[in-house]
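Worksheet: the structure to be examined is printed underneath.
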Amino acid sequence: MSKTAFIFPGQGAQKAGMGKDFYEHSETAAEIFDMASELLNIDMKELCFEENDLLDQTEYTQAALVTTCLAMAAVLEERGLKPDVSAGLSLGEYCAIAAAGGMSAADAVTTVRKRGILMQNAVPGGEGSMAAVLGLGADVIEKVLSGIEGAGIANYNCPGQIVITGLKDSVEKAAEALKEAGAKRVLPLNVSGPFHSPFLSEAGRELGKVLEGVELKSLNIPYVTNVTAEYVKDIGSTKKLLEKQVASSVRWQQSVENMIADGVDTFVEVGPGKTLAGFMRKIDKSVKVYNVGTWEDVDKVVSELC
């Protein structure tokens, strides 16, 4: 039996203009953007639809991207396309939980706004960094990093692409060591902190306090958590997983492999860009991958899958 997954991108997928066509064509999508604007006291249309300097700042990025992805997912479900499982890369996990029925759109937006602020302020600017390592296996990277204090793996994206994180000097030292170990390239990322590293542990604990006030609901479908790459079927574990996720490695490749092993053969990337589709080609070319990032994508994907 064919199974479909909704997958949601993380920070880095944001771009000016995202979701504008959904706002203009769908009352359902417009309501989500307007709700987010009211809840956060931020003009979400200005933030998401127009060129500006705030969209790449973590404290604004997170709320903007989650609002956009939730609006897109709501349109798909309204059109009759419903997933059997959901997953999201880092920030995208909040969209996955909402799509699975475990969190309201309002709570997802307000929580990630606070998450973004906590992450932005976790480490003084300039002290942390991240870099993408291309063309080197995870086992080799893990071995190299085991000898470098202050650096670790942030994301297992796909074969041949792993992101490292940590203190700036440690990441630079790791980059040189990884090149010597055979990495094709090590590319510094334009980020404001060492995300998904132990240096975010305090931010995770503070996020845990925020999550105490969030009402979660029983899941309609399972979602896959970044922390373990396993299915979550009991919402009772979600808050602790989200608290831990901030400072833990994102096991995206393993998450996708587990969904495929469970019979998922169709993935719908919901959100701007095609980053996850790119990862998918390197993880398993045999599965079908669709993208819904523009209004034109909706009719095409719904007609093929519904």
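The values are calculated or read from the model by the stated rules, or taken from the named source; none is laboratory data. Note that the structure is a prediction, hence the values are computed from the model and not measured. Glycine gets a Cβ as well: all are built from the backbone with ideal geometry, and neighbour counts include every protein chain shown. The accessibility values were calculated without ligands, DNA or RNA, using every heavy atom of the protein model including side chains. Shrake-Rupley method; radii C 1.70, N 1.55, O 1.52, S 1.80 Å.
The table below lists the values:
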{"quantity": "By accessible area with a 1.4 Å probe, ligands and nucleic acids excluded, highest first: order of Arg79, Arg115, Arg281", "calculated": "Arg281, Arg79, Arg115"}
{"quantity": "Helix-only [θ]222 nm of the chain, DSSP H runs n ≥ 4, -39500 (n - 2.57) each, per residue, nearest 500", "calculated": "-14000 deg cm²/dmol"}
{"quantity": "Residues with amide H under 5 Å from that of Met130, placed H, sequence gap 5 or more", "calculated": "Leu189, Val191"}
{"quantity": "In range of the label at Met1: residues from the stretch 201-228 whose backbone nitrogen is under 15 Å from the point 7 Å along Cα→Cβ", "calculated": "221-222"}
{"quantity": "Furthest towards positive pole of dipole, Val287, Val298, Ala229, structure part the stretch 214-306, Cβ charges", "calculated": "Ala229"}
{"quantity": "Neighbour cut-off at most 13 other Cβ (10 Å), DSSP loop, GluC sites (Glu not before Pro), the stretch 170-221", "calculated": "Glu215"}
{"quantity": "Proximal charge balance of Ser129 [Cβ under 14 Å; K/R count +1, D/E count -1]", "calculated": "-2"}
{"quantity": "Against the rule of thumb 2.2 N^0.38 Å, how large the Cα Rg of the stretch 70-170 comes out", "calculated": "1.38"}
{"quantity": "For the stretch 257-268, 3J(HN,Hα) per residue [Karplus equation, 6.51 cos²θ - 1.76 cosθ + 1.60, θ = phi - 60°, Hz, x = Gly/Pro]", "calculated": "4, 5, 5, 5, 4, 7, x, 6, 10, 9, 10, 10"}
{"quantity": "Under the Karplus curve 6.51 cos²θ - 1.76 cosθ + 1.60, θ = phi - 60°, whole-Hz ³J(HN,Hα) for the stretch 164-174, x wherever Gly or Pro sits", "calculated": "9, 8, x, 5, 3, 5, 5, 5, 5, 5, 5"}
{"quantity": "Net charge, Ser170 excluded, C-beta distance under 14 Å - Lys, Arg +1, Asp, Glu -1", "calculated": "-3"}
{"quantity": "Where only C-alpha atoms are counted, convex hull volume of the chain per residue in Å³", "calculated": "120"}
{"quantity": "Isotropically averaged projected area of the stretch 60-99, using the convex hull of Cα atoms (one quarter of hull area), nm²", "calculated": "2.6"}
{"quantity": "Cα-based Rg / Dmax (Å) for the stretch 190-306", "calculated": "16.4, 46"}
{"quantity": "Surface accessible to a 1.4 Å probe, Lys300 within the full protein complex, Å²", "calculated": "120"}
{"quantity": "In Å², nearest 10: area of Ile260 left accessible to a 1.4 Å probe", "calculated": "40"}
{"quantity": "Pair Asn121, Asp265: separation of 7 Å Cα→Cβ label points (nm)", "calculated": "5.0"}
{"quantity": "Per-residue SASA entry for His25, accessible area with 1.4 Å probe, Å² rounded to 10", "calculated": "110"}
{"quantity": "Gain on full stretching of the segment that runs from Leu134 to Ala30 - 0.36 nm per residue minus C-alpha separation", "calculated": "33.5 nm"}
{"quantity": "With Cα atoms, 0 to 90° folded angle of helix 295-305 axis to the chain main axis", "calculated": "80"}
{"quantity": "Order of exposure, largest accessible area first, which applies to Ser201, Ser255 with probe 1.4 Å", "calculated": "Ser201, Ser255"}
{"quantity": "Nearest 10 degrees, 0 to 90: helix 27-40 Cα axis against the chain principal axis", "calculated": "50"}
{"quantity": "Accessible surface ranking that places the most exposed of Thr294, Thr110 first, with a 1.4 angstrom probe", "calculated": "Thr294, Thr110"}
{"quantity": "The chain, dipole about Cα centre (Lys/Arg Cβ +1, Asp/Glu Cβ -1), debye to the nearest 20", "calculated": "900"}
{"quantity": "Residues of the stretch 232-255 with amide N under 19 Å of the 7 Å Cα→Cβ point at Glu202", "calculated": "243-248"}
{"quantity": "Under 30 Å from Lys285, Cα to Cα: lysines that are on another chain or at least 8 residues apart", "calculated": "Lys3, Lys15, Lys82, Lys143, Lys179, Lys184, Lys233, Lys274, Lys300"}
{"quantity": "Spatial separation of Cα centroids for the stretch 241-306 and the stretch 1-50, in angstrom", "calculated": "17"}
{"quantity": "With Cα atoms, 0 to 90° folded angle of helix 58-78 axis to the chain main axis", "calculated": "40"}
{"quantity": "Size of electric dipole in the stretch 251-297: Cβ of Lys, Arg +1 and of Asp, Glu -1, about Cα centre, debye, nearest 20", "calculated": "220"}
